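Worksheet: the structure to be examined is printed underneath.
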């Protein structure tokens with residue numbers, strides 16, 4: 001909560017107020033992100049394909065794990081573990097859409113609204129990859 005009364009950009013905020021940042025709106029702001037609806041991990045790479053420095057303006061505006069004193073302490077652990085987990089899955093399995101139903105629209109604007117924005121459920125087949133000895 002806020003420590004004292006404050007005015008920010010003309011908005012009065014009382015002391016002890018709880019402030020929530022709408023990260024979804026921040027990450028989809030067309031003034032900050034060109035084509036924010038496009039899945040484009042390359043927007044965080046430099047011309048040589050290296051990841052932008054954490055001090056780069058684009059990286060500073062990506063707040064999925066929070067910032068400052070409230071940053072997620074598990075971010076690096078989660079990223080490393082998820083990378084290993086997903087890589088292991090993709091080495092061993094091929095994922096294809098299930099024939100029984102269509103894959104829903106991947107555009108987040110078509111997702112179900114709720115506490116968390118998520119796509120409509122759909123089925124996939126995980127097929128074990130066969131490797132030659």
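The values are calculated or read from the model by the stated rules, or taken from the named source; none is laboratory data. Just so we're clear, the structure is a prediction, and the values are computed from it rather than from any experiment. All Cβ positions, glycine included, derive from the backbone under ideal geometry; neighbour counts span all protein chains shown.
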Can we say residue 26 is closer than 30 Å to residue 129 by Cα, in a helix (DSSP H, G or I) and within 21 Å of the chain's Cα centre (by Cα)?
no
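Would you say residue 35 is closer than 30 Å to residue 123 by Cβ, in a loop (DSSP other than H, G, I, E, B) and in the same structural domain as residue 125 (by TED's automatic domain parsing)? Spell out the reasoning first.
Values: closer than 30 Å to residue 123 by Cβ: yes; in a loop (DSSP other than H, G, I, E, B): yes; in the same structural domain as residue 125 (by TED's automatic domain parsing): no.
Answer is no for this residue.
Given the structure, is residue 114 under 27 Å from residue 23 (Cβ atoms) and either touching a helix residue (DSSP H, G or I) at 6+ places or on another chain (Cβ under 7 Å) or in a loop (DSSP other than H, G, I, E, B) (or both)?
Details: under 27 Å from residue 23 (Cβ atoms): yes; either touching a helix residue (DSSP H, G or I) at 6+ places or on another chain (Cβ under 7 Å) or in a loop (DSSP other than H, G, I, E, B) (or both): yes.
For residue 114, the condition - under 27 Å from residue 23 (Cβ atoms) and either touching a helix residue (DSSP H, G or I) at 6+ places or on another chain (Cβ under 7 Å) or in a loop (DSSP other than H, G, I, E, B) (or both) - is met.
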Scan the range 55-66 and tell me whether some residue there is surrounded by 11 or more Cβ atoms within 10 Å (Cβ to Cβ), modelled with pLDDT of 85 or more and over 21 Å from residue 20 (Cα atoms).
yes
Looking at 93, 52, 89, which is the one that is modelled with pLDDT of 90 or more, touching a strand residue (DSSP E or B) at 6+ places or on another chain (Cβ under 6 Å) and surrounded by 11 or more Cβ atoms within 10 Å (Cβ to Cβ)?
93
Just to be sure, is residue 36 surrounded by fewer than 11 Cβ atoms within 10 Å (Cβ to Cβ) and touching a helix residue (DSSP H, G or I) at 6+ places or on another chain (Cβ under 8 Å)?
no
Looking at the range 100-128 only, could you name the residues that are loosely packed, with under 10 Cβ neighbours inside 10 Å, more than 22 Å from the chain's Cα centre (by Cα) and in contact (Cβ under 8 Å) with a residue 24 or more places away in the chain?
128
